[in-house]
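One structure below.
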Amino acid sequence: MLWLDLACCCLVGLNALVAAGVLLGYIHADYSPERATVEMITGGGIALFGIGGNLLLLRKRHAGLLLAWTTLLFVAAGIVASYALLPQLLADPEALPCPPEIAVAGVVIGTVVRACYNFLYVLTLAHVRRVVQREPG
């Protein structure tokens, strides 16, 4: 699970870089500045703390647990921000690539999938915590 999450954190980091490129004007995308800012901050936090935390946990270092839990705070912030930006997204139904109901369903389904994944990650962290505590030194 740690290797999978490490890969996911790298992908989220790439997305944060794309959001930064949108904000700086280097990349043209249909991101609003607000969405790009949220993606850059939450994605950057997930990448920074997630990559560092997973690498430390793979080396059985206790500090990785703190970084991993911090990553989950950034995940929660990203989910909250998704719902906060939803009214802005739905304000112009003509600009959406799909019907508004589908956009809402996508956010809800994304939240459920993310919650299930993070539940498994929390179980992994609990297991790793027990392993790290048994390690000498």
Among G43, G110, G25, the residue with the largest mean-square fluctuation in a Gaussian network model of the chain built from Cα contacts under 10 Å is G25
To the nearest 20 debye, segment 26-125 has a Cα-centred charge dipole, built from +1 on Lys and Arg Cβ and -1 on Asp and Glu Cβ, of 800
For segment 7-24, in residue order, the Karplus 3J(HN,Hα) values (coefficients 6.51, -1.76, 1.60; θ = phi - 60°; whole Hz; Gly and Pro = x) are 5, 5, 5, 5, 5, 5, x, 4, 5, 5, 5, 4, 4, 5, x, 5, 4, 7
In a Gaussian network model of the chain with springs linking alpha carbons closer than 10 Å, the residue among L85, L125, L48 that fluctuates most is L85
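In what sequence do E39, E94, E101 fall when counting other Cβ within 10 Å, fewest first? The partial results should precede the final answer.
Numbers: E39 24, E94 4, E101 9.
If I rank by nearby Cβ atoms, fewest first, I get E94, E101, E39.
Can you sort R130, R61, R35 from fewest to most other Cβ atoms within 10 Å of each residue's own Cβ? It would help to have the intermediate numbers written out before the result.
Numbers: R130 9, R61 14, R35 18.
Ascending number of Cβ neighbours within 10 Å: R130, R61, R35.
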Hits in segment 96-137: amide N under 18 Å from the 7 Å Cα→Cβ extension of H62, namely 125-137
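Within a 10 angstrom radius of the beta carbon, how do S82, S32 rank from fewest other beta carbons to most? All intermediate terms of the calculation are to be shown ahead of the outcome.
On the way: S82 20, S32 13.
Ordered from fewest to most neighbouring Cβ atoms within 10 Å, S82, S32 come out as S32, S82.
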Options (1) 124; (2) 110; (3) 98 for volume of the Cα convex hull per residue in Å³; the value derived from the coordinates is listed as (3)
Per-residue ellipticity at 222 nm attributable to helices in the chain (runs of n ≥ 4 DSSP H, -39500 (n - 2.57) apiece, nearest 500 deg cm²/dmol) works out to -29500 deg cm²/dmol
Along segment 109-115, Karplus-curve 3J(HN,Hα) (6.51, -1.76, 1.60; θ = phi - 60°) to the nearest Hz, with x for Gly and Pro, reads 5, x, 5, 5, 4, 5, 5
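No value in this document is a laboratory result; all are computed from the given coordinates. As the structure is a prediction and not an experimental result, all values here were calculated from the model. In this analysis, Cβ positions are derived from the backbone assuming ideal geometry, glycine residues included, and neighbour counts consider all displayed protein chains.
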